[in-house]
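Participant: Sending over a structure as structure tokens; questions will come in a sec.
The values are calculated or read from the model by the stated rules, or taken from the named source; none is laboratory data. In this text, all values refer to a predicted model and were calculated from it rather than measured experimentally. As a convention, Cβ positions derive from the backbone with ideal geometry for all residues, glycine included, and neighbour counts pool all protein chains shown.
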Amino acid sequence: MIAFLGSVFSPYYAWSRRRGGGDPMQHCALNVALYGRKKRWSMTERGAEAVSRGRDFLAIGPSTMSWDGTALTVEIREISVPLPRSIRGTVRLYPSAVEHAPLVLDTAGRHRWQPIAPCARAEIRFDRPDLRWSGSAYFDTNNGDRPLEADFVRWDWSRTPVPGGTAIVYDVQRRDGSALHARRYDAKGGMRDFDPGPVSSLPRTLWRVPRFMRGAAPSLTGTLEDTPFYARSLVSATVSGHRSTGFHEALVLDRFASSWVQAMLPFRMPRVAGKISGSSPARN
């Protein structure tokens, strides 16, 4: 689940920038992806009139996010694509600790990443589809001053559970050179850099997106998203001396910026007009 204010993957946002515009608040969306037998996908883009936000809440159309000092509560009211089916449910995320230190991903300081709750617990309850789940979770934020494709060629990102916390590797190929960020976060708070080990190739996706993973003997467990420019996967590897299965993503920005990919994106990212229609989140 990703809340976008200025959707970096929006074809409408890209077209607007090419015409000399590009107000990020005119391109907002809540992306929801459910996997398994009850698979759903939604990423409906909305304009500024459908967005309300404050220090501890965010509403995008009918969906809301709010923070009460203990838990992040997300009330989801979306419609899936390509089959228009309702996605209605509540996600509550309870951080074991909250981190405040951002990481700059490029030399010019234009792109920033911050794991807010690298170690957390989630409780999930959906009515449509009928789904209940609880387990480990993760919450972060990214922001930037330029389009991703202007400063990055590609990246591979992974998050792997380790004893007492989680290990995150950001393997970035920048336009001005590569960079590697590897951090181990403690469930009780705090982080340290670590050596993630050598890089290995994973099988390419059906769309021929390359995937790379750092750690000992990584192996592909499953592919969750396979698109022309992006892949989300489950990968098993030994990271920081511990063997476990984690999440992996591969992003190829030159593919994303190509005209043929931009022409395909509206089929998965519809845009609608309208104002906020959900219940107002609590304001603390």
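Participant: Assess whether GLU45 counts as being surrounded by fewer than 16 Cβ atoms within 10 Å (Cβ to Cβ), touching a Lys or Arg at 6+ places or on another chain (Cβ under 6 Å) and either among the small types (Gly, Ala, Ser) or closer than 20 Å to SER10 by Cβ (or both). Steps first, please.
Facilitator: Details: surrounded by fewer than 16 Cβ atoms within 10 Å (Cβ to Cβ): no; touching a Lys or Arg at 6+ places or on another chain (Cβ under 6 Å): yes; either among the small types (Gly, Ala, Ser) or closer than 20 Å to SER10 by Cβ (or both): yes.
For GLU45, the condition - surrounded by fewer than 16 Cβ atoms within 10 Å (Cβ to Cβ), touching a Lys or Arg at 6+ places or on another chain (Cβ under 6 Å) and either among the small types (Gly, Ala, Ser) or closer than 20 Å to SER10 by Cβ (or both) - is not met.
Participant: Does LEU251 satisfy the condition of being at pLDDT 95 or above, in contact with a Pro (Cβ under 7 Å, 6 or more places away or on another chain), surrounded by 15 or more Cβ atoms within 10 Å (Cβ to Cβ) and part of a strand (DSSP E or B)? Break it down stepwise before answering.
Facilitator: On the way: at pLDDT 95 or above: yes; in contact with a Pro (Cβ under 7 Å, 6 or more places away or on another chain): no; surrounded by 15 or more Cβ atoms within 10 Å (Cβ to Cβ): yes; part of a strand (DSSP E or B): yes.
No: the conditions fail for LEU251.
Participant: Let me ask something additional. Please work out if ALA29 is in contact (Cβ under 8 Å) with a residue 24 or more places away in the chain, closer than 25 Å to GLN114 by Cα, in contact with a strand residue (DSSP E or B) (Cβ under 9 Å, 6 or more places away or on another chain) and in a strand (DSSP E or B).
Facilitator: yes
Participant: Does ALA14 satisfy the condition of being part of a strand (DSSP E or B) and either touching a residue at least 12 places away in the same chain (Cβ under 8 Å) or under 13 Å from the mean Cα position of the chain (by Cα) (or both)?
Facilitator: On the way: part of a strand (DSSP E or B): no; either touching a residue at least 12 places away in the same chain (Cβ under 8 Å) or under 13 Å from the mean Cα position of the chain (by Cα) (or both): yes.
Here the answer is no, as ALA14 does not meet what is asked.
Participant: Tell me whether segment 160-177 contains one or more residues that are outside any helix (DSSP H, G or I), of a type in the set (Ser, Thr, Tyr), in contact with a Leu (Cβ under 9 Å, 6 or more places away or on another chain) and over 30 Å from CYS28 (Cβ atoms).
Facilitator: Just the residues of segment 160-177 that are outside any helix (DSSP H, G or I), to begin with: 160-177.
Keeping just the survivors that are of a type in the set (Ser, Thr, Tyr) gives 160, 166, 170.
Applying the additional criterion that residues be in contact with a Leu (Cβ under 9 Å, 6 or more places away or on another chain) yields 170.
In the following step, the residues that additionally are over 30 Å from CYS28 (Cβ atoms) were identified as none.
No, segment 160-177 contains no residue that is outside any helix (DSSP H, G or I), of a type in the set (Ser, Thr, Tyr), in contact with a Leu (Cβ under 9 Å, 6 or more places away or on another chain) and over 30 Å from CYS28 (Cβ atoms).
Participant: ALA150: small (Gly, Ala, Ser) and over 30 Å from ARG92 (Cβ atoms), yes or no? Don't jump to the end; show me each part of the working.
Facilitator: On the way: small (Gly, Ala, Ser): yes; over 30 Å from ARG92 (Cβ atoms): yes.
Considered against the rule, which asks whether it is small (Gly, Ala, Ser) and over 30 Å from ARG92 (Cβ atoms), ALA150 comes out as yes.
Participant: Looking only at segment 207-216, decide whether some residue is within 26 Å of SER96 (Cβ to Cβ), in a strand (DSSP E or B) and out of contact with any helix residue (DSSP H, G or I) (no Cβ under 9 Å at 6 or more places or on another chain).
Facilitator: In the first step, residues of segment 207-216 are kept if they are within 26 Å of SER96 (Cβ to Cβ); the result is 213-215.
Checking which are in a strand (DSSP E or B) leaves us with 213-214.
Now restrict to residues that are out of contact with any helix residue (DSSP H, G or I) (no Cβ under 9 Å at 6 or more places or on another chain): 213-214.
Checked against the condition, which is being within 26 Å of SER96 (Cβ to Cβ), in a strand (DSSP E or B) and out of contact with any helix residue (DSSP H, G or I) (no Cβ under 9 Å at 6 or more places or on another chain), segment 207-216 yields at least one hit.
Participant: Please work out if PHE57 is of a type in the set (Phe, Trp, Tyr), closer than 23 Å to ARG255 by Cα and surrounded by 15 or more Cβ atoms within 10 Å (Cβ to Cβ). So that I can check it myself, show each step before the final result.
Facilitator: Values: of a type in the set (Phe, Trp, Tyr): yes; closer than 23 Å to ARG255 by Cα: no; surrounded by 15 or more Cβ atoms within 10 Å (Cβ to Cβ): yes.
Here the answer is no, as PHE57 does not meet what is asked.
Participant: In segment 3-36, what residues are in contact with a Lys or Arg (Cβ under 9 Å, 6 or more places away or on another chain), small (Gly, Ala, Ser) and either farther than 14 Å from ARG268 by Cα or buried (at least 17 other Cβ atoms within 10 Å of the Cβ) (or both)?
Facilitator: SER10, ALA29
Participant: Find all pairs meeting these conditions: Cβ atoms under 6 angstrom apart; at least six residues apart or on different chains; first residue within segment 130-158 and within 16 Å of HIS111 (Cα to Cα); second residue among the polar types (S, T, N, Q).
Facilitator: Pairs that qualify, where the first residue is within 16 Å of HIS111 (Cα to Cα) and the partner is among the polar types (S, T, N, Q), are THR141/GLN114; VAL153/GLN173; ARG154/GLN173.
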